[in-house]
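Some notes on the structure that comes next.
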Amino acid sequence: MNIVEQVQQQLKEAIGAAVAKSAFADAGELPEVMIETPKNKENGDYATNIAMQLTKIAKKPPRAIADDIVGNLDTDSTPIRSVDIAGPGFINITLKPDYLGDVVKDILGKGEDFGRSDAGQGEKVQVEFVSANPTGDLHLGHARGASLGDSLCNVMDFAGFDVSREYYINDAGNQINNLAKSIEARYFQALGREAEMPEDGYHGQDVIDIADALAKEHGDKFVSMPEEERFEWFRKHGLGVELDKLKQDLAAFRVNFDNWFSETTLYEDGKIDTALDKLRQNGHVYEEDGATWFRSTDFGDDKDRVLIKQDGSYTYLLPDIAYHEDKLQRGFDKLINIWGADHHGYIPRMKAAIEALGYDRETLEVLVSQMVQLYKDGEKFKMSKRTGKAVTLRELVDMVGLDATRYFFVMRSGDSQMDFDLDLAVSQSNENPVYYAQYAHARICSILRQADDAGLFASEDHVALLLESEKALDLMRKLGDFPQIVADAAKLRAPHRVATYIHELAASFHTFYSTDKVVDPDNRELSEARLALVTATRTVIANALRLIGVAAPDRM
RNA sequence: GUCCCAGUAGCUCAGCAGGAUAGAGCAACAGCCUUCUAAGCUGUCGGUCGCAGGUUCGAAUCCUGCCUGGGACGCCA
């Protein structure tokens, strides 16, 4: 437990005791004491609405209840300075700021671990994200999903969840056959022969590149190869190349997975049949019109879904169900899937499948990464000039830069559609919010370099001196918020909260910086205290940026 | 037609497990560099929180209906 949590705990206990002493009702009927930090500083450091919540039970006006509670409040075991009753019945608490010095010491002691908590209590969570088909480049939507997913995993891990990151490789379906046929056609074209692209072929430049490379390296050796053998070779080769490219692009985007799960293994290990049998035994499967159906309507879906088509092949859904069954058998408490907006309609059927397999449907949480629209010069920027297709992740990073791309995606809530302003993201100026936080970090590093030259070093011995400055107090309060911000972001699956916090923290630092000179050889003790504060600030900014995959530069 | 997401300042968005006077960035305007990085700071301007009901001591937040924008409704993946 960190210092801030300890203080909050003390306050809750003291208020709880005062409420009990006021004897409005039996202990069992009393609501839990909740404390919050008021938006407006004038309303103290903490506030509780307990008096308003008790109006029904106590049958008295809230301000009178608050009076009773405050009268019974024992402040000896807490850092409370003063207590006020305000507004409709809030009890506002102002603290003696001394404990904030301990926050700085706490941060310096914990370093890159400051902000960690056990909020997740070791819950085993698997997050599956991106999972784009290995048939082409990652595009804009995948970039957002990757950004959200990776940041969420970092945040949840830091908040004490046991997180596993997984990428599901759709390497068994029809789309891979189409990839192989497309490569085949491009290969023949590369050799100057006539060849038709398949109807659902992949027309991207990447396929042409693969085929050209094959023609260059192997000449016409595949032309004489038996068709089936050639097809199989192209299939494996294409898959390998595409998959390598995905892995490289994601790694370059600072996104790494614990597990790359191949759909093909579901077939090889008989897991498709196992899942189908299980559904059948549970009585949720029937035959009709020559197809095999899943009665998903029993679990709230709009209509029943086909598992095996008339031609005997599987729909995408059946292996997907088998995949989720496999995940569940691996012992995760929670499965989080991050899907693009175009797949959100599949949530009900997947949840239905979870339930039909005998699990709690709430085990599966699907987060939807909404559409992204690029804007440039105030107009929609639709297509990549080079390929004529959607803008790829690689192109985006080339244009915008890695840090700005990651930051822009994660600073918005994933479940709202977003406009991505290319001009803003590209601009190396104060208009660009990503530099605001990075600049705070670089500024601190610069201060520390100069302090070092002056023979001044951070010291915890005089942190009490910091309490004199209102700007320093604000900054310390903000630093103390970090563990709770991370915990909330994890529980709410809302990594953008960390980005919002980073901005606030940077603002708090910049404000402090503008008035409180840190390095002052004529005032060594104050300098040492302030160096402790800015060192702590640097640590928290770096920790927070790390969670959202953005670099914390020493110089800018 | 059904379902999902969104609608908050001129623009882009936070805030939504109910709380006090609804916030930030950009844009606009006015100041601040002989002093640790001006990618910064300070201030001003800017709002019927889509509309209408309801629940409540209290609603941007919860419920219902409607309007607008986007998406999804395949024996494609």
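Please compute the modelled spin-label separation between A:ARG330 and A:THR274, points set 7 Å along Cα→Cβ, answer in nm with one decimal.
Once both label points are built, they end up 1.3 nm from each other.
On a 1.4 Å probe surface of the protein chains, which of A:MET197, A:MET156 comes out largest in accessible area, and what is the full order?
A:MET197, A:MET156
When you have a sec, figure out the Kirkwood radius of region A:3-96 from all distinct Cα pair distances and drop it here in Å to one decimal?
Here the Kirkwood hydrodynamic radius works out to 13.1 Å.
By accessible area of protein heavy atoms, probe 1.4 Å, what ranking do A:GLU128, A:GLU199 get, highest first? The partial results should precede the final answer.
Working: A:GLU128 10, A:GLU199 175 Å².
These residues rank, largest area first, as A:GLU199, A:GLU128.
Using the Kirkwood radius over C-alpha pairs as Rh, can you work out the diffusion coefficient of region A:174-247 via Stokes-Einstein at 20 °C, viscosity 1.002 mPa s, in µm² per second? Provide the component values of the computation, followed by the final result.
Values: Rh = 12.0 Å.
Translational diffusion coefficient: 178 µm²/s.
When you count, for each residue, the other Cβ atoms within 10 Å and take the mean per peptide, how do A:432-439, A:30-37 rank with the highest first?
Ranking the peptides A:432-439, A:30-37 by packing returns A:432-439, A:30-37.
Going through the cross-link list A:LYS376/A:LYS478; A:LYS12/A:LYS491; A:LYS181/A:LYS380, which pairs have a Cα-Cα distance over 25 Å in this structure?
On the way: A:LYS376/A:LYS478 35 Å; A:LYS12/A:LYS491 21 Å; A:LYS181/A:LYS380 34 Å.
Violating the 25 Å Cα-Cα cut-off are A:LYS376/A:LYS478; A:LYS181/A:LYS380.
Please compute the per residue accessible area over region A:431-547 with all protein chains in place, 1.4 Å probe, rounded to a whole number of Å².
Using a 1.4 Å probe on heavy atoms only, each residue of region A:431-547 averages 40 Å².
Give me the number: length gained by fully extending A:LYS309 to A:LYS56, i.e. 0.36 nm times residue separation minus the C-alpha to C-alpha distance, one decimal in nm. Before the final figure, lay out the partial values.
Values: separation 253, 0.36 × 253 = 91.08 nm, distance 6.00 nm.
Gain in length upon complete extension: 85.1 nm.
If you count only protein heavy atoms and use a 1.4 Å probe, how large is the accessible surface of A:LYS21, to the nearest 10 Å²?
Ignoring ligands and nucleic acids, A:LYS21 comes out at about 140 Å².
Accessible area per residue, 1.4 Å probe, Å², for region A:220-311: what's the number?
Values: 5210 Å² over 92 residues.
So region A:220-311 comes to 57 Å² accessible per residue, rounded to a whole number.
Determine the alpha carbon to alpha carbon distance for each of A:LYS96/A:LYS471; A:LYS39/A:LYS517; A:LYS221/A:LYS271 and list only those over 26 Å. Spell out each step's value before the answer.
On the way: A:LYS96/A:LYS471 16 Å; A:LYS39/A:LYS517 28 Å; A:LYS221/A:LYS271 37 Å.
Pairs exceeding the cut-off: A:LYS39/A:LYS517; A:LYS221/A:LYS271.
Could you sort A:MET556, A:MET350, A:MET399 by accessible area so the largest value comes first, with the probe set to 1.4 Å?
A:MET556, A:MET399, A:MET350
Starting from 0 in steps of 10 Å, tell me what percent of the Cα-Cα pairs of chain A lands in each bin.
Distribution as computed: 3, 14, 20, 21, 18, 12, 7, 3, 1, 0 percent.
Quick one: angle between helix A:174-190 and the longest Cα principal axis of chain A, in degrees between 0 and 90, rounded to 10, please.
Relative to chain A, helix A:174-190 is tipped by roughly 60 degrees.
Calculate, for A:ASN174 and A:GLU123, the FRET efficiency according to 1/(1 + (r/R0)^6) with r their C-beta to C-beta distance and R0 45 Å; round to the nearest 0.05.
My answer for the efficiency is 0.75.
Relative contact order for region A:270-396: what percent, with Cα pairs under 8 Å and sequence separation of 6 or more?
19 percent
When the Cα centres of region A:160-205 and region A:412-491 are compared, how far apart do they sit, in Å?
Cα centroid to Cα centroid, the span is 44 Å.
Taking N as the number of residues in region A:326-413, what is its alpha-carbon radius of gyration divided by 2.2 N^0.38 Å?
After normalising by residue count via 2.2 N^0.38 Å, the value is 1.48.
How much length is gained on full extension from A:ASP84 to A:HIS343, taking 0.36 nm per residue of separation minus their Cα-Cα distance?
Once the chain is fully extended between A:ASP84 and A:HIS343, it gains 88.1 nm.
When the Cα centres of region A:70-148 and region A:336-372 are compared, how far apart do they sit, in Å?
27 Å
Could you work out the relative contact order of region A:174-247, using alpha carbon pairs under 8 angstrom and six or more residues apart, expressed as a whole percent?
Values: 65 pairs, mean separation 29.0, N = 74.
For region A:174-247, the relative contact order is 39 percent.
Round to a whole angstrom and tell me the spacing of the C-alpha centers of region A:510-556 and region A:1-67.
35 Å
Just the number, please: carbon plus sulfur as a percent of the accessible area of chain A, 1.4 Å probe, no ligands or DNA/RNA counted.
Numbers: 11750 of 25850 Å².
The value for chain A is 45 percent carbon and sulfur by accessible area.
Tell me the per residue accessible area of region A:3-96 using a 1.4 Å probe; a whole number in Å² is fine.
55 Å²
Given an 8 Å cut-off on Cα distances and at least 6 residues of separation, report the relative contact order of region A:3-96 as a percent.
31 percent.
Based on the Cβ-Cβ distance from A:SER446 to A:LYS105, what FRET efficiency comes out when R0 is 30 Å, to the nearest 0.05?
Given R0 = 30 Å and the Cβ-Cβ separation, E is 0.80.
With a 1.4 Å probe and all protein chains kept in place, how much accessible area does A:ASP333 have, in Å² rounded to the nearest 10?
So the heavy atoms of A:ASP333 present about 80 Å² to solvent.
The values are calculated or read from the model by the stated rules, or taken from the named source; none is laboratory data. These numbers were taken from a predicted model, which means no experiment stands behind them. Neighbour counts run over all protein chains shown; Cβ positions are idealised from the backbone, glycine included. Areas reflect the complete protein model, heavy atoms only, side chains present, ligands, DNA and RNA absent. Shrake-Rupley method; radii C 1.70, N 1.55, O 1.52, S 1.80 Å.
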